[in-house]
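Structure first, commentary second.
Read-outs throughout are calculated quantities, based only on the coordinates presented, and are distinct from any laboratory measurement. No experiment lies behind these values; they were computed from the predicted model shown. So basically every Cβ, Gly included, is an ideal-geometry build from the backbone, and we count neighbours across all protein chains shown.
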Amino acid sequence: MGEDETRRAEIETRAYTLWAESGRPEGRAEEFWHLAKAQIEAEEQPADPESRVAVESGGGLIPPPSPVDN
């Protein structure tokens, strides 16, 4: 299996899992595909506390909180 095929299979498996965990809603395959792809790409990024983002099951990316001045 080539690198592209391996990546596609990984995204497909993750998308299916997300879809199943969300109650298997109809007509949202593309949404779950993009969410799975975004999660996998975020996991592959080097850990940098200054630029971390969290990927939620709702599909949004959340920026890190702003520092609080004391």
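Packing order of peptides 35-44, 15-24, 2-11, highest average first: 35-44, 15-24, 2-11 (average count of other Cβ atoms within 10 Å over each peptide's residues). Residues in segment 3-14 carry Karplus couplings, in order, of 4, 5, 5, 5, 4, 4, 5, 5, 5, 4, 5, 5 Hz; the curve used is 6.51 cos²θ - 1.76 cosθ + 1.60 with θ = phi - 60°, and Gly or Pro positions show x.
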